[in-house]
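Here's the structure we're looking at; comments come further down.
The values are calculated or read from the model by the stated rules, or taken from the named source; none is laboratory data. Computed from a predicted structure; not experimentally measured. Cβ atoms come from the backbone with ideal geometry, glycine included; neighbour counts cover every protein chain shown. Each accessible area value is taken on the protein alone, full model and side chains, heavy atoms only, with ligands, DNA and RNA left out. Shrake-Rupley method; radii C 1.70, N 1.55, O 1.52, S 1.80 Å.
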Amino acid sequence: MSESNTPVLVDLDDPNLTTFDIVREGARRDGIEIVHYEPQYPAGSKGERRMVRIVSFFFLLTGIASTAFVVAFIWWPWEYEMGSNPSKVYTPILGLTLGLALIGVGLGILTWGKKLLPHEIAIQDRHDGPSDPVERKITGETLKFIGSELSVARRPALKLSLLGLLPLGAVAAAVPIGAMIKDPHHPDVLFKTGFAGATPENPIKLVRDDYTPIRPEEVSTGGQITVFPGIPGGVSNKYADSPTLLIHLREDDAEVLRQSLYQINNGSPWQSYVAYSKICTHAGCPASLYEQQTNRLLCPCHQSQFLITDNARPVFGPATRSLPMLPITVDKDGHFAATSDYKVPVGPAFWEKS
Ligand code: FES
């Protein structure tokens with residue numbers, strides 16, 4: 001039978017009791033019998049010092065890696081640039097340093113728990129009901145005892161290495177702090193595309209992905225083609241917000257569009273050709289499934305549908321904003337060209353947008 005039911009034999013006010021005696025008695029009153037308690041290493045022994053060094057190493061590794069994360073997050077060149085440059089390794093550096101920091105803190109805590117804390121075997125009976133004041137006092141002593149057994153006070157190296165964990169807190173705060181230190185967005189980068197700079201006098205050609213320009217007769221009635229700004233790098237990821245769908249509407253559909261044009265889109269179509277941003281206004285997927293019979297443009301990601309003959313107004317799905325229309329013309333060479341950038345930002349809505 002468990003000793004949990006035996007009368008209390010120990011006077012807790014006895015000045016000769018050690019903290020561990022009170023802990024053991026407290027456990028006994030709670031129906032817990034500590035049957036084995038033994039430190040893994042004698043205090044100050046060679047084995048203990050070795051384990052302390054290992055734990056310290058992991059915590060210091062955590063400190064160095066998380067400091068490196070914060071430094072890279074704030075100062076490493078992160079903006080995308082063409083060619084081989086330091087911005088290419090920005091994300092891997094963040095991943096590597098954060099990974100090392102987490103591995104360091106994980107292994108440090110594990111090693112501390114498994115190799116430095118004493119071995120204890122205890123048997124506990126279940127019981128119901130709240131704790132009385134005496135038991136609360138015992139709990140307080142127990143926590144004090146655990147604190148002393150963690151032995152940070154008498155292991156200065158361990159205490160010092162814990163300082164290495166401080167930068168880990170900075171890692172958690174790095175993103176909001178970084179956003180305050182440096183505006184992650186180049187001024188108005190979200191408001192212009194590769195067509196920025198196009199004017200009626202100097203239009204920017206619409207080109208295919210091989211940079212060849214397009215003549216009106218090359219897009220059949222009811223057909224569509226993906227086009228890009230005809231500028232250096234215009235087809236690359238540098239201008240990932242610029243892909244545009246050039247559509248040749250049937251004449252009666254073009255007339256429906258002319259009748260319903262938003263004021264901001266006045267003058268943007270050219271004859272029966274119209275160009276819309278391909279970047280879905282819901283979450284930015286390329287919307288390019290053109291359903292010729294219904295004049296709907298479908299986004300494959302979350303099934304938004306845009307009505308091409310009504311300013312690409314969303315008529316189904318989660319998108320709430322029309323696809324922006326690109327003002328187009330045919331230049332003196334007979335090629336399609338944009339006469340200005342999009343008049344509203346392309347892509348998903350964000351809070352700065354009106
Ligand atoms: S990204 Fe197009 S519907 Fe969600």
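Our note on the geometry: Cα centres of region 294-348 and region 88-121, 49 Å apart. Largest first, the three principal axis extents of the alpha carbons in region 47-116 are 54, 15, 15 Å in whole numbers. Ligands, DNA and RNA are left out, and with a 1.4 angstrom probe the accessible area of region 1-116 is 61 Å² per residue.
Ranked from largest to smallest solvent-accessible area, with a 1.4 Å probe on the protein heavy atoms, Asp13, Asp125, Asp253 come out as Asp13, Asp125, Asp253.
How many percent of the accessible area of the chain is carbon or sulfur, using a 1.4 Å probe? Ligands and nucleic acids excluded, carbon and sulfur reach 61 percent. Summing charges over neighbours of Lys46, with a neighbour being any other residue whose Cβ is under 15 Å away from its Cβ, gives +4 when K and R count +1 and D and E count -1. Across the chain, Cα pairs under 8 Å and at least six residues apart give a relative contact order of 15 percent. Principal semi-axes of the equivalent ellipsoid, √(5λ) from the alpha carbon gyration tensor of the chain, are 71, 26, 15 Å from largest down. Among the trypsin sites (Lys or Arg not before Pro) in region 100-153, those placed in a DSSP loop whose Cβ has at most 10 other Cβ atoms within 10 Å are Arg126. Scanning the chain for GluC sites (Glu not before Pro) that sit in a DSSP loop and have at most 12 other Cβ atoms within 10 Å, the longest stretch containing none of them is 202-351. A 1.4 Å probe run over the protein chains yields, for region 230-321, 46 Å² of accessible area per residue, whole-number rounding.
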